[in-house]
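> Dropping the structure in here first, questions after.
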Amino acid sequence: MTKGLFSFFSIFIALLLGALYYTDIIQSPFISALNSIKSNYHTSVEFIQKQVVRHFFQTARIAELEEKIEKYENNHLVMQQLASEINDLFVKNGSSFKTNPQVELVRTISYQNFGDQNRVWLEVEDYNSSRVYGLTYKELVAGIVISQNGRPLGLLNRDIKSSYSVFVGDNKAPGIAHGNSAENLIINFIPAWFLIEVGDEVITSGLDEIFFKGLKVGTVLSVTKSQGYQSAVVEPYYKANNPNYFYMIKKTR
């Protein structure tokens with residue numbers, strides 16, 4: 001390369017760099033392109049960071065809400081028992097007051113038999129097969145839990161072998177509730193001297209130590225009398241439409 005040609009290229013490069021450095025018209029496209037690249041980069045990074053944070057936040061939030069719901073349902077059942085006990089204290093002077101209930105959230109595994117929606121297998125931790133437990137759904141009586149070959153089997157309200165003690169009406173007439181494989185429940189062995197009327201509410205009595213006293217069962221549809229006792233047909237509050245989980249009462253006091 002001749003000395004003159006080298007000098008020409010040197011001067012050209014110097015002029016080009018100077019123009020790039022000092023001239024806005026030439027700088028502008030380069031700067032704009034770089035800024036666009038940087039903006040897209042930061043936008044992408046922020047988007048990814050937000051998605052990651054949102055994912056973990058939602059996961060944590062969902063877990064927190066599920067825990068709160070479980071505590072709420074458990075505490076609400078306990079409060080119902082406490083309210084019942086306190087009411088008894090006002091009614092009967094000197095009544096003892098003691099409570100230590102235990103309620104556990106249990107999950108439905110499957111129906112026992114295909115087509116029978118009144119019997120479900122349950123997943124229960126530390127299950128004692130020698131006992132009968134109460135089963136509730138959203139503060140309503142749903143049925144009982146018995147042992148079937150050492151496994152917890154839920155008998156929902158409409159099952160004929162689902163049985164527990166109840167009070168009927170404001171006078172708290174005692175009776176035994178059980179299913180009849182139809183839509184409604186039957187309350188048997190209600191003493192004849194109690195006045196029972198259509199529309200009376202049925203609640204658990206707590207006398208069988210399966211449920212607390214005062215949990216809601218249903219309302220009376222009709223009443224019949226026979227041989228010194230009364231029977232009532234009751235429409236249950238709980239409807240077994242989608243039994244994914246229940247609360248099992250492991251200890252009533």
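The values are calculated or read from the model by the stated rules, or taken from the named source; none is laboratory data. Remember, it's a predicted structure, so these values are computed and weren't measured experimentally. When we count neighbours, we look across all protein chains shown, and the Cβ atoms used for this are built from the backbone with ideal geometry, even at glycine. The protein model used for the area step is the full one, side chains on, heavy atoms only, and it has no ligands, DNA or RNA in it. Shrake-Rupley method; radii C 1.70, N 1.55, O 1.52, S 1.80 Å.
> Go through region 129-140 residue by residue and tally those that are touching a residue at least 24 places away in the same chain (Cβ under 8 Å) and farther than 11 Å from residue 108 by Cβ.
7
> Of all residues in region 159-208, which are closer than 12 Å to residue 144 by Cβ and touching a residue at least 40 places away in the same chain (Cβ under 8 Å)?
Across region 159-208, the qualifying residues are 159, 162, 164, 165, 177, 179, 204, 208.
> For region 227-253, enumerate the residues that are polar (S, T, N, Q), out of contact with any Asp or Glu (no Cβ under 8 Å at 6 or more places or on another chain) and open to solvent by less than 80 Å² (accessible area, probe 1.4 Å).
Answer for region 227-253, where residues must be polar (S, T, N, Q), out of contact with any Asp or Glu (no Cβ under 8 Å at 6 or more places or on another chain) and open to solvent by less than 80 Å² (accessible area, probe 1.4 Å): 230, 231.
> Hand me the list of strands (runs of 3 or more DSSP E) wholly inside region 88-140 holding 3 or more residues that are under 22 Å from residue 202 (Cα atoms), at pLDDT 90 or above and open to solvent by 80 Å² or more (accessible area, probe 1.4 Å). Steps first, answer last, please.
Details: elements: 102-111, 119-123, 133-137.
Here the list is empty.
> I've got another one for you. All but one of (1) among the hydroxyl-bearing types (Ser, Thr, Tyr); (2) touching a Phe, Trp or Tyr at 6+ places or on another chain (Cβ under 8 Å); (3) farther than 18 Å from residue 247 by Cβ hold for residue 163; state the number of the condition that does not hold.
Going through the list (1) among the hydroxyl-bearing types (Ser, Thr, Tyr); (2) touching a Phe, Trp or Tyr at 6+ places or on another chain (Cβ under 8 Å); (3) farther than 18 Å from residue 247 by Cβ, residue 163 breaks only (2).
> Return the residue satisfying two criteria in turn: it lies in region 209-226 and is open to solvent by less than 10 Å² (accessible area, probe 1.4 Å) and part of a loop (DSSP other than H, G, I, E, B), and of such residues it is modelled with the lowest pLDDT. Step through it out loud before you land on a result.
Initial filter on region 209-226 (open to solvent by less than 10 Å² (accessible area, probe 1.4 Å)): 211-212, 215, 217-218, 220.
Imposing the further condition that a residue be part of a loop (DSSP other than H, G, I, E, B) reduces the set to 211-212, 215.
On the way: 211: 92, 212: 85, 215: 92.
Result: 212.
> In region 141-180, which residues are of a type in the set (Phe, Trp, Tyr) and open to solvent by less than 10 Å² (accessible area, probe 1.4 Å)? Outline the logic, then answer.
Taking region 141-180 as the starting set, the residues that turn out to be of a type in the set (Phe, Trp, Tyr) are 164, 167.
Selection gives 164 alone.
> Now a separate question. Looking at residue 196, is it assigned to a loop (DSSP other than H, G, I, E, B), open to solvent by less than 40 Å² (accessible area, probe 1.4 Å) and not polar (S, T, N, Q)?
Yes: the conditions hold for residue 196.
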